[in-house]
Amino acid sequence: MSVCQRCIVVLFAAAVCRVSAQGTEGPDATGQLSLDNITEPGELLVSATTEAAAGALTSEPATGGSTSSPDRTVPSEVPVDFSTTSVPAVTVPISSQARSITPLVTSVASLCTCNLLAGECDVNCCCDPDCSATDFSVFSQCSIPVVTDDSQLCTREAVLYSLSSSKVPQIVKETVEIANPNIFCIQATNYQPAFSFITPVEPTATNFDSLLKEFGGLDFNSGSSIQSTVGSAQARIASKYEYGSPILTRNSYLKLPAPLGTNECTDNNPVGFLENQDFTCTRNIQLENCSIPALTLGTYKNVEVLTVPSSQNTVIVTLQAVTIKSVDGAVFRGNLSDYIPSYDTTTGICNNVVLGVSYTFTYTDTGGITSIAASVILGAIDKNTVQQNFQAHFIQNGTAPTPLSGNPGYIFGLPVVAGFKLSQSGIIQSTNRLGQLTLLKSSSGQNCLAEEGNRSPVLFGYNMMSGCRLQVNYTGDAFCKLTRAAILNVLQGQQFPNYVAQFGNSLPENVLDWVPINVITTDQAEVQGMCKIPVSLKLDIRWTKYGSLVNPQAQIVSVEENIAYAFFPNNLEGVRFIQISSSVNFLDVSQPASPGYKAQPTIDAKLPFDFFLPFL
C-alpha cells in the first residue's frame, strides 16, 4: 500500500471515529452503519466505501477519536484498493437509535460440500480451506466447480471454482449472479431460514431427559401426539359426530387394524364416522405364543364407544355372530361366548384366532351412535403368518341395508332396481327395494282386496305370474268408475315406479343410467254402454349382455307395461267375480358375441408430385 493510500485510510478512520463520537452509536457488530429510526435533524455525507474502509482497519483505535468497541475487530490482512473502486456518494441521515440488519443465514462463498475430512485437504476440493498452495498444484480439476444458492430464487449467487492454466496451477474463485428464467421463481423472501435445514439440538447433560422423552419412542411422534391430544380434547366438546370425525371411546379413539405402507398390520387406524372401511393385513407371530391381544376376541368385543362426543354415555359391542373356520377351510357356526386362542402342542395348531371382525354401527340423523353389532370369524392356524380382515359399516336407525343388485350388471335372483322421476328432478329411489318394482302376490283365498299391499318383488331373470279374484257388486253407473280405480290399484300397487335402472349399481343422480317404463294398452276405444275394466298387467323386460366377452354384464335396455282391458255391460246386476292376473317376462335380446380386435394401423403415404420424373 502506498503512502497516499495509507493517509486516506487514516482519514477515513478518523471520520468514522468522529461520527461515533458525535452520534449516539457507531457502526454495529456487523461492521455496517445503521441508518434507521431517524429522530434528529441534520444529515451526514458518508461515502459508500466507509464501510469497506472500516472493515480494513485493525483493532487499534485511531488518534483523536473514541475507542471502538472490543467486539469491533477486523483482520488487517484484507486489502482495500481505492483506485479501482467507484464510490458514489450517498446522503445518509444520522440515526439516534441503531438497528442491525439481520445477516444472511448462509453465505455461498463459505459453503464447501466436498470438504469431508476434518483438518485435512480433500483431493480436488477447490473450496477446502485446509488445502495449501502446494496441494492446489497437484489438483487435476475441481470436483465441485460451482456452488449456488437456492435454485428457486429469481437471482441467486454462485461461486465458480477453477484451476488456472499457469505452470503452477492456482485456484481461481469468482462470484457471479445467475438469473432464473422460470416465471414462478421467488423474487424476495421474508424468512431466509426457510431455505435451510433446522440445526438439530445436540444432547447435553441438561437436555438429555427432555430429548429422550420426545424422541425415545418407536417413532418421532411427539408433535403429532401433542396435536392428537389437543384434537381429542376439541373432539370431545362436540355435541354430535360429524362425517369423518373419529369415533371416541372413554380414553381414546376406536381403532381397527389396517395395512400401513406394507401389508403388515398396524393397530393405530381410527374409525371415522360414516366412513365404511374394509382392510386386510397380515401379522407375523410366534405360533407357540398366539394368545396376544391382537388375536383375541375380547380385544374387539370389550369396547365401549361414546354415543356422542360430549357425553359419557357409552354403547357396548353386541356379539351378533361367531363363525369358526378350520385349517382345511371348513366353516360352521359357533356359540356367542368368549374364545381365547390356545396352542395345541400335539397338532401344532393354534385355535380360536381372530381372522376377521365386521362392525355394524347404527346411528341417528342427529349424529349419535345407538348400537354396535359385531360378527367375528375365528379360525385355526398352523403358520406364523396370520391374515386378518376388518370391516366397518354404518346404517341409519330405522332403515334397512340395501345391497346392490349387481356390480355393475344385474345378478339373477336379485330385485330389479326401480324409482320415480319427477319433472326437473333426478331419480327418487326408495330404500326398500321390495316396494319398488313389484308384482301382485297370490294368496290361498284368491281375494284381491284381502291381499292388497302384499306384493312380491320382481327378481331379475325370473319369469313370474300371479292372480286373484275380485268380487264386485253391480250398483248402477258408479260401478264402472270405482271398479276401474280399485283394479288398477291392485295390479300396479299404490306407488308403481316409472323408471328402472339399467345396471344393478346405477346411481339415482345418473339419470341416463335409467330407462322409462313404457305403458302400452291393447284396447283403447271406448264402447258406448260398456264398462272398460283392466283385467291383466304384463311386464316385458328386455335385457342384453354388455361389456367384455370374457365377463359380460346384464343390462336392462327397455321395459314395457302392457295393460289389457275387458268390457262389461253397464246394466248388469248382482254379484260378479272378475279374474285379475299379472305377469313379468324377461327377454334376452343379446346379439351373438364376436371377438373384437384393434384396428390395424393404416399407411398414409404421400409422394411428391415429381417422384416419377422423368419417367412420367
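Counting the residues of the stretch 564-595 that are assigned to a loop (DSSP other than H, G, I, E, B) and either open to solvent by 70 Å² or more (accessible area, probe 1.4 Å) or within 30 Å of T438 (Cα to Cα) (or both) gives 9. Of all residues in the stretch 212-259, those satisfying the criterion of being surrounded by 13 or more Cβ atoms within 10 Å (Cβ to Cβ), assigned to a loop (DSSP other than H, G, I, E, B) and at pLDDT 70 or above are A238, K240, Y241, S245, I247, L254. Can you find, within the stretch 157-171, the residue that is nearest to D128 (Cα to Cα) among those that are surrounded by 14 or more Cβ atoms within 10 Å (Cβ to Cβ) and among the aliphatic types (A, V, I, L, M)? So, considering only residues that are surrounded by 14 or more Cβ atoms within 10 Å (Cβ to Cβ) and among the aliphatic types (A, V, I, L, M), the one nearest to D128 (Cα to Cα) is I171. Is it true that L539 is surrounded by 20 or more Cβ atoms within 10 Å (Cβ to Cβ) and within 26 Å of F412 (Cβ to Cβ)? Yes, satisfied. Exactly one residue among P145, P129 is touching a strand residue (DSSP E or B) at 6+ places or on another chain (Cβ under 7 Å) and open to solvent by 30 Å² or more (accessible area, probe 1.4 Å), and that residue is P145. Only one of I395, I316 is closer than 23 Å to T299 by Cβ, aliphatic (A, V, I, L, M) and touching a residue at least 12 places away in the same chain (Cβ under 8 Å); which? Within the list I395, I316, the selection yields I316.
Checking the stated criteria, N498 turns out to be more than 19 Å from I411 (Cβ to Cβ), under 41 Å from the mean Cα position of the chain (by Cα), at pLDDT 85 or above and surrounded by 15 or more Cβ atoms within 10 Å (Cβ to Cβ).
For the stretch 513-523, indicate whether the set of residues that are open to solvent by less than 30 Å² (accessible area, probe 1.4 Å), outside any strand (DSSP E or B) and either at pLDDT 80 or above or of a type outside the set (S, T, N, Q) (or both) is non-empty. No, the stretch 513-523 contains no residue that is open to solvent by less than 30 Å² (accessible area, probe 1.4 Å), outside any strand (DSSP E or B) and either at pLDDT 80 or above or of a type outside the set (S, T, N, Q) (or both). Close contacts from the stretch 325-353, counting a first residue that is open to solvent by 70 Å² or more (accessible area, probe 1.4 Å) and a second that is of a type in the set (K, R), with Cβ to Cβ under 8 Å and a gap of 6+ residues or different chains, come to V331/K325; D338/K301. For the stretch 285-300, the set of residues classified as in a helix (DSSP H, G or I) and open to solvent by 50 Å² or more (accessible area, probe 1.4 Å) consists of E288, N289, P293, T299, listed by residue number. T266 passes every criterion in (1) touching a Leu at 6+ places or on another chain (Cβ under 7 Å); (2) over 14 Å from F361 (Cβ atoms); (3) in a loop (DSSP other than H, G, I, E, B) apart from (3).
Scanning the stretch 106-126 for residues that are farther than 15 Å from V159 by Cα and open to solvent by 60 Å² or more (accessible area, probe 1.4 Å) yields L116, L117, A118, G119, E120, V123. All of G379, G406 fail the test of being at pLDDT 85 or above and either more than 29 Å from the chain's Cα centre (by Cα) or loosely packed, with under 12 Cβ neighbours inside 10 Å (or both), apart from G379. On the stretch given as the stretch 309-366, residues that are at pLDDT 85 or above, of a type in the set (D, E, K, R) and within 28 Å of F273 (Cα to Cα) total 1.
The values are calculated or read from the model by the stated rules, or taken from the named source; none is laboratory data. Source: prediction; values computed, not measured. All Cβ positions, even for glycine, are placed from backbone atoms using ideal geometry, and neighbour counts span all protein chains on display. Remember, those area values only see protein heavy atoms, side chains included, never the ligands or the DNA or RNA. Shrake-Rupley method; radii C 1.70, N 1.55, O 1.52, S 1.80 Å.
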